[in-house]
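Presented below is the structure to which this report refers.
The values are calculated or read from the model by the stated rules, or taken from the named source; none is laboratory data. All of these numbers come straight from a predicted model, not from anything done at the bench. Every residue, glycine as well, gets a Cβ built from its backbone with ideal geometry; the counts of neighbours run over all protein chains shown. Just so you know, the surface numbers come from the protein's heavy atoms only, side chains and all, with ligands and any DNA or RNA stripped out. Shrake-Rupley method; radii C 1.70, N 1.55, O 1.52, S 1.80 Å.
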Amino acid sequence: RLQDHLDRLKYCLQQIKIPFDCSIIEHLMMQALSRSGLANSDAAVYIQVSRGKAPRTHYFPEHSEPTFLLYAFPVVLENFHEKRWKVLVSEDFRWQRCDIKSTALLANTMSNEEA
């Protein structure tokens, strides 16, 4: 489902107006897997694109180049279909906790810790 993931990344970048050429990503992913020795094993690739280096402001900088981070890491998938998990379902409380200045993953992290 690589193409689905790349299409989603391209869509998201367009929605937040980050001008980034996604056509380079697939080649770099394969290169990262190869250089990490993971080309023939279960692995994942983490990709992060930011607007780039600029002064901290609440508007898009006029002249910035997007920053791109990509790395590969091993994952364990053997017997995955046989694993059982307990699940905690919780409400999305991000907008009720605007008193906490944090990144967007705080709610996920706190829910994971509670589980």
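Restricting ALA72, ALA54, ALA39 to residues that are in contact with a Ser or Thr (Cβ under 9 Å, 6 or more places away or on another chain), part of a loop (DSSP other than H, G, I, E, B) and over 25 Å from GLU114 (Cβ atoms) narrows the list to ALA54. Listed by first and then second residue, the pairs linking a residue in segment 1-21 that is in contact (Cβ under 8 Å) with a residue 12 or more places away in the chain to a residue that is outside any helix (DSSP H, G or I), with Cβ atoms under 6 Å apart and 6 or more places separating them unless they lie on different chains, are LEU13/PHE20; ILE18/ARG51; ILE18/PRO66; PHE20/VAL49; PHE20/PRO66.
For segment 56-70, the criterion of being within 23 Å of GLN3 (Cα to Cα), of a type outside the set (Val, Ile, Thr) and either in contact with a helix residue (DSSP H, G or I) (Cβ under 7 Å, 6 or more places away or on another chain) or modelled with pLDDT under 90 (or both) is met by at least one residue. Among the candidates LEU88, LEU106, the residue that is within 18 Å of the chain's Cα centre (by Cα), at pLDDT below 90 and hydrophobic (A, V, I, L, M, F, W, C) is uniquely LEU106. The residue pairs whose first member lies in segment 31-43 and is over 13 Å from LEU77 (Cα atoms), whose second member is part of a helix (DSSP H, G or I) and not basic (Lys, Arg), and whose beta carbons are closer than 9 Å, counting only pairs six or more residues apart or on different chains, are LEU38/ALA32; ALA39/MET30; ALA39/LEU33; ASN40/LEU33.
Evaluated against (1) in contact (Cβ under 8 Å) with a residue 24 or more places away in the chain; (2) farther than 30 Å from ALA115 by Cβ; (3) open to solvent by 90 Å² or more (accessible area, probe 1.4 Å); (4) not in a loop (DSSP other than H, G, I, E, B), PHE60 falls short on exactly one condition, (4).
Of all residues in segment 80-91, those that are within 15 Å of GLU113 (Cβ to Cβ) have Cβ atoms under 9 Å from Cβ atoms of residues that are surrounded by fewer than 10 Cβ atoms within 10 Å (Cβ to Cβ), 6 or more apart or on another chain, in LEU88/GLU114; SER90/GLU114.
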